[in-house]
Every structure is written in structure tokens, then in C-alpha cells.
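Participant: If you scroll down you'll find the structure; I have some questions about it.
The values are calculated or read from the model by the stated rules, or taken from the named source; none is laboratory data. Please read these numbers as outputs of a predicted model, since none were measured by experiment. Here Cβ is always computed from backbone atoms with ideal geometry, including for glycine, and neighbour counts include all displayed protein chains. With ligands, DNA and RNA removed, areas are computed over all heavy atoms of the protein, side chains included. Shrake-Rupley method; radii C 1.70, N 1.55, O 1.52, S 1.80 Å.
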Number of protein chains: 2
Amino acid sequence: MSVVVERGPRTLEHPLPPGMRDLLPEEAAGRRDLARSVLERFALHGYRLVTPPAFELAAVLERGLKGDTTTLDDVIRFIEPESGEVAVLRPDVTPQIARIVATRLHDHPPPFRLAYEGTVLRRRASRAKKHRQIPQVGVELCGVAGAEGDLELLRLTFDVLRHGAGLERFTIDLSDAGIVRELLADLPSAQSLALSSALARKDEPALTELSAAVPGGDRIRALARLHGGRAAILEAIVLLDGTRAEAPARRLLALFDAASAIGLGPWLSVDPGEVRGLAYYTGTTFSVYAEGPGEPIGGGGRYDDLLARYGAPLPAVGLALDLDALAWALRVEQPRSGATSGVVVVGAHDDPRLAALRAVGIPAVAIDDAARAHAYARAWGFALVCEREQSADDVTRVLRGTP
Amino acid sequence: MSVVVERGPRTLEHPLPPGMRDLLPEEAAGRRDLARSVLERFALHGYRLVTPPAFELAAVLERGLKGDTTTLDDVIRFIEPESGEVAVLRPDVTPQIARIVATRLHDHPPPFRLAYEGTVLRRRASRAKKHRQIPQVGVELCGVAGAEGDLELLRLTFDVLRHGAGLERFTIDLSDAGIVRELLADLPSAQSLALSSALARKDEPALTELSAAVPGGDRIRALARLHGGRAAILEAIVLLDGTRAEAPARRLLALFDAASAIGLGPWLSVDPGEVRGLAYYTGTTFSVYAEGPGEPIGGGGRYDDLLARYGAPLPAVGLALDLDALAWALRVEQPRSGATSGVVVVGAHDDPRLAALRAVGIPAVAIDDAARAHAYARAWGFALVCEREQSADDVTRVLRGTP
């Protein structure tokens with residue numbers, strides 16, 4: 001006798017906080033597999049997993065975000081009841097990795113190759129500015145300076161997207177945080193901040209207005225319009241000729257050429273006037289774009305001053321992938337197959353076919369009624385129903401395509 | 001030329017919030033593998049993964065914890081800035097799964113077999129009462145009433161620990177929330193709460209004092225001392241003869257016998273006076289113990305009223321495993337082997353042996369100096385150094401033990 005009870009009516013609504021969401025079975029399983037593939041690819045390149053906690057004391061985390069007013073304004077804070085201190089839900093894992101390198105792994109020889117998986121909480125920069133829970137996987141390479149480290153990260157970014165995630169079409173859009181920083185260095189900080197923010201938002205009207213009031217404003221406007229391939233960097237170098245921003249533009253050219261030399265050329269673009277969100281970048285930055293999500297599927301850059309804030313002065317470069325956006329891009333390339341797995345056995349809960357199927361790695365559940373078994377299999381994504389007269393071997397052969 | 005930079009001195013300390021911690025590479029990798037094995041075993045039994053967010057609106061989550069003053073007192077709350085509403089860091093995933101079943105999966109036929117992985121935040125019941133971040137994996141079975149559902153969960157608990165996690169020695173300690181509840185049902189709620197709390201803490205002096213003042217107090221004290229095998233349930237039935245608590249004690253006996261009949265007997269114990277932490281349990285409850293951690297490695301029980309609070313009146317039973325405690329128990333049984341993986345290649349960062357090793361699934365990094373390569377391999381847990389004169393095939397054969 002089955003004591004399965006039918007579900008009653010749904011009578012109440014139970015909202016989630018804005019920007020939060022549930023992953024239901026198909027998406028949750030796909031997400032888990034994607035994270036696994038990406039982490040395994042990071043591991044193949046020698047990156048070791050670490051897992052920091054989901055929140056930290058504000059005083060500690062914010063040391064890494066110092067000067068990053070946009071991010072700091074948006075962080076969710078609460079009082080940690082044991083200590084009475086302010087804690088924050090992390091908007092970024094990189095300062096946590098910096099803390100771990102400085103305080104927990106100081107007996108390990110550099111370079112530090114560390115990977116992580118975790119959720120960060122950010123405001124969406126575009127549109128409604130809602131908070132958004134972003135499931136990230138990422139790496140940090142600490143202790144390798146300059147182009148050698150940058151190239152390792154670009155090569156890894158390509159490899160993990162192409163061969164780990166299986167994405168075919170994407171663009172790694174390169175820039176260098178030094179270009180805009182040097183160009184704005186002599187302006188009063190309020191003006192510099194406003195211009196930098198207008199560049200980050202790609203807000204043409206604000207940029208026109210703000211740049212009209214500053215020396216070299218025409219350069220800033222021209223820079224903001226540069227985008228493309230190698231020619232765009234050459235234009236930037238001409239534009240910035242004789243300014244302190246020329247050196248980072250030349251550094252960007254050198255990196256572009258080195259990355260092209262190892263075969264990444266077809267996946268590269270450049271945006272010399274790009275300002276990435278996080279203030280800690282000191283050199284190369286990059287965003288990764290693909291068709292589908294309206295936001296980058298990932299990005300990163302060089303942050304040579306951040307680790308010193310935690311007492312471990314080391315150059316570093318990192319990459320973070322947004323698994324939501326990456327999964328979206330993958331769905332655009334490979335419309336989902338409605339993947340199913342497992343078998344519903346028409347039988348009792350102690351039917352020996354259950355154990356036989358599980359023993360060969362096939363998920364199995366029992367339902368003691370053929371019609372209900374079929375409905376259950378359809379609704380819950382089971383691949384097959386094992387009818388009352390079929391054996392476990394029968395369905396195993398069907399599932400595996402063997403005669 | 002290598003531009004690896006040596007790490008500078010560590011000058012500052014950067015504490016974590018009380019009860020939070022980092023997982024460093026070896027532990028983080030072990031944890032990921034353990035979670036994967038357990039989730040794969042859940043999947044084999046037809047449980048589908050869902051992923052709720054790490055925090056929820058207090059009004060929604062607390063609906064599921066209603067009446068559970070201990071848990072509610074200890075929850076970490078904060079103001080969610082978009083909505084201005086109070087949010088909580090979840091102390092328990094079960095109410096989230098109840099919400100998902102009621103609001104997101106109402107078009108699916110029951111039973112609902114759902115699995116999750118996530119971190120909850122609780123105060124440690126024992127000792128210092130600090131908050132503790134508990135990495136959990138668990139399942140909920142919604143829509144199968146009574147012994148049939150309880151048995152499925154007990155069988156699954158055994159299977160996932162024995163064959164998923166590979167743990168050999170553990171005890172599933174059974175009880176029934178109805179026993180103590182019925183016994184205290186006629187007492188004023190303050191007295192009932194105090195006694196229930198003393199039972200939960202196994203606080204003999206408090207129990208003696210409190211029970212002296214109530215009718216049937218001797219029964220409560222005697223019940224608190226019962227623990228063991230089948231005989232302890234028989235003693236409980238005699239003790240509770242003629243009270244309303246007799247029926248749940250007989251239900252416990254029937255479950256014990258049914259679980260023994262499917263071969264679980266050697267792993268069972270009973271504790272008829274046990275009160276598990278969460279107030280929503282309505283019938284069978286269980287805690288799983290193993291040598292090592294001073295706390296259960298998991299537990300669960302039947303909660304037939306919880307889903308109705310979200311508008312989906314369905315009987316349900318669940319299990320949650322504490323991955324920290326489970327990993328501890330596994331370390332006691334199988335002292336760690338110092339597992340290593342991957343190869344450090346003595347060569348430049350573009351050494352072709354790197355790609356060759358990665359192509360056959362072997363993690364590889366390059367260091368252009370033999371002495372540093374050996375130190376790096378030791379510190380970061382790489383299994384081998386591929387010397388300058390060795391080929392990728394040479395080390396692959398050594399790693400795989402093939403001639």
C-alpha cells in the first residue's frame with residue numbers, strides 16, 4: 001500500500017529578498033556540473049582550492065576595498081552578535097584570498113595559485129541597481145609580476161572557458177587601469193572620481209560635460225571612443241603621446257602582442273578607456289563577453305598593491321567568472337537538451353531492481369503504479385520508466401545504447 | 001627570466017568573525033570531494049538538487065521556525081537595503097525547501113525528493129555557544145507519510161554514509177518527538193519548555209529539580225535515562241503504559257523493527273527521551289554519531305506540519321549531514337594520507353610538457369629552477385617533479401604506476 005499523499009492547494013506567497021533566487025533541479029544540476037568543470041580545469045593548471053567564509057568583519061574586508069566608494073556604499077552590513085563588531089556579506093572574494101595568503105599561507109613558497117568557488121553580493125551596475133547574488137568561481141595568482149603573470153591568467157581564462165566550460169565564442173576585452181588613472185592623476189579628486197565613474201558607466205553626455213571643464217578633456221573623450229583590435233591601442237598611444245598615460249598604453253600593446261603570439265589573438269579586443277569596477281586594479285584589466293547575458297561573463301586584472309594592505313606585499317593578478325552569466329552564454333550556444341537522468345521503476349519501494357540500477361550508477365526511484373510512474377518521470381526529468389516486466393539489465397542496455 | 005617575487009614580512013593580523021574559518025587547500029579539496037560523493041549518492045536515490053539563497057526575509061524563513069525560540073533567539077538578522085525588510089542568515093535549510101516545494105514546484109507530482117548543499121549559521125549548542133558556520137548537505141522527502149517515508153530516509157542515511165562517504169562505524173540514534181511532547185502536553189507552557197530544554201541539554205540536575213514539581217515527573221526522569229537498543233524502547237513502553245506518550249513509543253518500536261528487517265539493526269540505537277533541537281519535528285527523529293567530533297555528524301526527522309505553513313500541507317521527513325563533523329569522523333577512521341596531485345615541471349612557463357600533462361588530466365605548473373621546483377612541490381602538495389631531462393610520458397608512467 002502506498003501512502004503517498006497528494007499536495008494540497010497553495011494558499012500563500014513567500015517572496016525572496018530582491019535579487020535573490022532559487023535554482024530548481026535542472027538549473028541547479030547544470031550549475032553544479034559547470035562549477036565542477038571549471039574548477040577541475042583550474043586544478044589542471046595547478047591552482048589549489050581555498051574556501052573563505054561568506055562574511056567577514058567589515059574592518060578586515062574593507063581594508064581590501066579601501067578607496068572603492070561605489071562598492072563600499074553598496075555592501076550589506078550587520079552586527080555580528082558575538083563580537084558586537086560590524087560584519088559584511090562579501091561583495092568580492094579577492095580581498096579574502098589576499099588575507100588568506102598573508103595570514104594563513106605565509107609558510108608556503110610563492111607563487112600562490114589559489115582557486116575558489118563562492119557567492120558574492122553586489123549591486124547590479126546597470127539598470128535597476130538591485131543587489132544580485134553572483135555565484136563565482138575564480139583564481140588568484142599572487143607572486144608573479146607583470147606580463148608573465150598577466151599572460152598566465154589570459155591563457156588560463158581562455159583555456160577554462162574554451163575547454164573547461166566548453167564555450168566557443170567569447171571575447172577577452174583588454175585594458176590597463178594605468179591609462180585612465182594616469183590621465184586623471186593631476187585632477188582634483190572630486191573631478192577625477194566623477195570622470196572615472198562616467199567612463200565606467202560609458203555615460204557619453206556626462207563625459208562630454210565633465211571633460212569640457214578639465215585640461216586634456218578632449219583626450220579623455222577621444223580615449224572613451226577607442227575600441228577594437230591592435231589598431232585601437234596604436235591610436236591610443238598616438239593620442240597619449242608624451243603624457244604619463246603613454247607608458248601603460250605601451251604596456252597594453254606589449255601584452256596584446258604577447259597574447260597574440262601564444263594564439264589568443266582571435267579572442268582578444270581592446271578598450272583602452274575602460275574602467276573596471278574595482279578600484280584595486282593597478283595594471284592590466286580584462287572583461288570577458290559572450291552572446292546572451294547583458295553583463296560580462298567574467299573579468300579580472302592585476303592588483304599589485306592589495307596584498308600589501310594585509311601585510312604580504314606581492315604583485316598579483318586574478319580572474320572571476322560569473323557562473324550565472326556563463327551558464328546563460330552556454331545556453332545561447334547550445335540550446336538546452338532537456339537532459340534527463342535515471343529511471344523510475346514500476347514497483348514497491350524495496351524492489352530489488354532499485355539496488356541493481358544504483359549499483360551500476362543509475363539513479364532510481366520506485367512508484368507502484370505505471371501511470372503515475374510515467375507522469376513522475378516526465379515531471380522530474382527521469383530518462384526512462386522500468387515497466388513491471390522489465391529487468392534492470394533491460395533498461396541499463398536502453399540507457400547506455402548497448403544491444 | 002623569472003619575475004617571481006619573494007613574499008615580504010607579515011605585519012598585521014586580520015581576524016575572522018567568531019566561529020568562521022577558512023578552508024586551506026588540502027581541507028578545501030577534501031571537503032569538495034566529500035560533498036560531491038554524498039550528493040552523487042543522493043542523486044542515485046532519485047534526489048534532485050535545488051539551491052536556495054543563503055539568506056531570506058525573516059518573515060518568510062521564521063514562518064518555518066515558529067515556536068522554536070532557541071533557534072529564533074540566535075539567528076543573525078540584518079536590514080536588506082533594497083526592501084528595508086529584515087533578512088536572516090539561514091540557521092536551517094529545511095524551511096527554504098518547504099518554501100520551494102510550496103511556491104516553485106507545485107506543478108510537480110509528489111513525492112518531492114530534493115537535495116541541497118549549503119552553509120547554515122547556528123550557535124553551537126554545547127560549550128561556548130559561539131556561532132558556527134556549518135557546511136551541510138541534506139535531503140527532504142515531501143509527500144510520503146509515516147513509516148514508509150521514515151524507512152526510506154533511514155535507508156538513505158545508511159547508504160550515503162556507508163557507500164557515499166565511506167564511513168564504516170556510526171550509529172543512527174532513533175527517537176520520536178511525540179514521546180516527550182505528549183508527556184509534557186498537559187503542563188503549563190513555561191514548565192513544558194523548561195523541561196524540554198533540560199531534556200535537550202541532558203541536564204540531570206535541572207531535570208531532577210523541574211520534574212519534582214510536576215505530575216508524572218518520575219516518568220520524565222526515568223525516560224531521560226533510557227538509552228540503548230530495542231530493550232530500551234520496550235522499557236519506555238512499560239513506563240509510558242496508559243499515557244498518550246505510549247502510542248509514539250510503540251511507533252518507535254515498529255520503526256526500529258522495520259529498519260532492523262532491512263538490515264540496519266547493527267547501526268541503530270534508541271534514545272526515547274531525546275529532544276532534537278528543531279521544534280518542527282512531529283514524529284521520528286534521529287541523530288547520527290561517529291567517533292571523533294563531539295557533535296552528531298547528522299540528523300533529521302519527520303515534520304508533518306511545516307509545509308502547511310507555506311501553503312502545501314504535505315507530510316515530510318529530512319536528513320542533514322554536517323560536512324565538518326563527517327570529515328572529522330572520516331579522518332578518525334582513515335588517518336589522512338597527505339594526498340598529493342599533479343606535477344611541477346622544471347622548465348619555462350611555456351614548456352610543452354605542461355600542455356602534454358594537462359591533456360591527460362594531470363595538474364601541472366612550471367618552475368624554472370630544480371631546487372625551487374622541489375620546495376614548491378613539497379609545500380603545495382604536488383606528487384612529483386618532472387626534471388629538466390624527463391618527458392611528460394616519463395612522469396605520467398610514474399604517477400600511474402605503469403611500466
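Participant: Between segment A:28-62 and segment B:32-71, how many Å separate their Cα centres?
Facilitator: 20 Å
Participant: Going by average Cβ density within 10 Å per residue, which order do the peptides B:172-179, A:387-394 take, highest to lowest?
Facilitator: So the order, starting with the most tightly packed, is B:172-179, A:387-394.
Participant: Separate question: If you project the alpha carbons of segment A:18-94 onto their three principal axes, what span does each projection cover, largest first, in Å?
Facilitator: Projected onto the principal axes, the Cα atoms of segment A:18-94 cover 38, 33, 28 Å.
Participant: Right, another one. Considering the options A:Gln191, A:Tyr281, A:Thr243, tell which one lies farthest towards the positive end of the dipole of segment A:171-289, charges being +1 on Lys and Arg and -1 on Asp and Glu at the Cβ, about the Cα centre.
Facilitator: Checked the options; the winner is A:Tyr281.
Participant: Shifting gears a bit: So which trypsin sites (Lys or Arg not before Pro) in segment B:217-248 are both in a DSSP loop and have at most 14 other Cβ atoms within 10 Å of their Cβ?
Facilitator: Working: sites: B:Arg219, B:Arg221, B:Arg225, B:Arg230, B:Arg244; in loops: B:Arg244.
Sites meeting the loop and neighbour criteria: B:Arg244.
Participant: Could you work out the relative contact order of chain B, using alpha carbon pairs under 8 angstrom and six or more residues apart, expressed as a whole percent? Kindly include the intermediate steps, with their values, before the conclusion.
Facilitator: Working: 657 pairs, mean separation 64.0, N = 403.
Across chain B, relative contact order equals 16 percent.
Participant: Roughly speaking, to the nearest percent, how much of the protein assembly as shown's 1.4 Å accessible area is carbon and sulfur?
Facilitator: Values: 17220 of 32280 Å².
Answer for the protein assembly as shown is 53 percent, counting heavy atoms of protein chains only.
Participant: What Kirkwood Rh does the protein assembly as shown have if only Cα atoms enter the pairwise 1/r average? Answer in Å. All intermediate terms of the calculation are to be shown ahead of the outcome.
Facilitator: Working: mean 1/r = 0.0345 Å⁻¹.
In the protein assembly as shown this quantity evaluates to 29.0 Å.
Participant: Give me the 1.4 Å probe accessible area per residue for the protein assembly as shown, excluding ligands and nucleic acids, in Å².
Facilitator: Details: 32280 Å² over 806 residues.
Solvent-accessible surface per residue comes out at 40 Å².
Participant: Shifting gears a bit: Please give the Cα centre distance for segment A:280-353 versus segment B:216-232, rounded to the nearest Å.
Facilitator: Cα centroid of segment A:280-353 versus Cα centroid of segment B:216-232: 53 Å apart.
Participant: Now for a different question. Tell me the total accessible area that B and A bury against each other, 1.4 angstrom probe, in square angstrom rounded to 100. Could the numbers behind the result be given before it?
Facilitator: Working: alone 20670 and 20630 Å², together 32280 Å².
Separately minus together, B and A give about 9000 Å² buried.
Participant: Let me ask another. So what is the relative contact order of segment B:171-289, in percent, for Cα pairs below 8 Å that sit 6 or more residues apart? Intermediate results must be reported in sequence, preceding the final value.
Facilitator: Working: 169 pairs, mean separation 60.4, N = 119.
It comes to 51 percent, rounded to a whole number.
Participant: Sticking with this one: Tell me the Kirkwood hydrodynamic radius of segment A:171-289 in angstroms, computed as one over the mean inverse distance between distinct C-alpha pairs.
Facilitator: On the way: mean 1/r = 0.0705 Å⁻¹.
Hydrodynamic radius (Kirkwood, Cα only) of segment A:171-289 equals 14.2 Å.
Participant: Let me ask you something else. How large is the charge dipole for segment B:249-323, taken about the Cα centre, if only the Cβ atoms of Lys, Arg (+1) and Asp, Glu (-1) carry charge, to the nearest 20 debye?
Facilitator: Values: 5 positive and 8 negative charges, 61 e Å.
Charge dipole, segment B:249-323, about its Cα centre: 300 debye, nearest 20.
Participant: I'm checking a number: the convex hull volume of the Cα atoms of segment B:339-400, normalised per residue, in Å³. What is it? Can you show the working numbers first?
Facilitator: Details: hull volume 4.2 nm³, N = 62.
Normalising the Cα hull of segment B:339-400 by residue number yields 68 Å³.
Participant: Which of A:Leu193, A:Leu151, A:Leu207 moves most in a GNM of chain A, Cα contacts under 10 Å?
Facilitator: Answer for the Gaussian network model of chain A: A:Leu193.
Participant: How about segment A:288-361: which trypsin sites (Lys or Arg not before Pro) there lie in a loop by DSSP and see at most 12 other Cβ atoms within 10 Å? Could you put the intermediate results ahead of the total?
Facilitator: Details: sites: A:Arg302, A:Arg309, A:Arg331, A:Arg336, A:Arg353, A:Arg358; in loops: A:Arg336.
Qualifying residues, ordered by number: A:Arg336.
Participant: Starting from the Kirkwood Rh over alpha-carbon pairs, what translational D in µm² s⁻¹ does chain B have by Stokes-Einstein at 25 °C and 0.890 mPa s? All intermediate terms of the calculation are to be shown ahead of the outcome.
Facilitator: Details: Rh = 24.1 Å.
Answer, rounded: 102 µm²/s.
Participant: Projected onto the charge dipole of segment A:339-400 (+1 at Lys/Arg Cβ, -1 at Asp/Glu Cβ, origin at the Cα centre), which of A:Ala377, A:Val395, A:Thr340 gives the Cα projection farthest towards the positive end?
Facilitator: Farthest towards the positive pole: A:Thr340.
Participant: Under the rule of -39500 (n - 2.57) per DSSP H run of 4 or more residues, summed and divided by the residues of chain A, what mean residue ellipticity at 222 nm is obtained, to the nearest 500 deg cm²/dmol? Write down the numbers at each step before the final one.
Facilitator: Numbers: 15 runs with 162 residues, N = 403.
So the calculated ellipticity at 222 nm is -12000 deg cm²/dmol.
Participant: Let me ask something else. What is the antiparallel percent of DSSP beta bridges lying wholly in chain B, to the nearest 5?
Facilitator: Values: 43 of 55 bridges.
In chain B, approximately 80 percent of DSSP beta bridges are antiparallel ones.
Participant: What dipole magnitude, in Debye to the nearest 20, does segment A:171-289 give about its Cα centre under +1 on Lys/Arg Cβ and -1 on Asp/Glu Cβ? Working shown, then result.
Facilitator: Working: 11 positive and 14 negative charges, 29 e Å.
The dipole of segment A:171-289 has a size of about 140 debye.
Participant: In debye, nearest 20, what is the charge dipole magnitude of chain A about its Cα centre with +1 on Lys and Arg Cβ and -1 on Asp and Glu Cβ, if you could check?
Facilitator: Roughly 200 debye for chain A.
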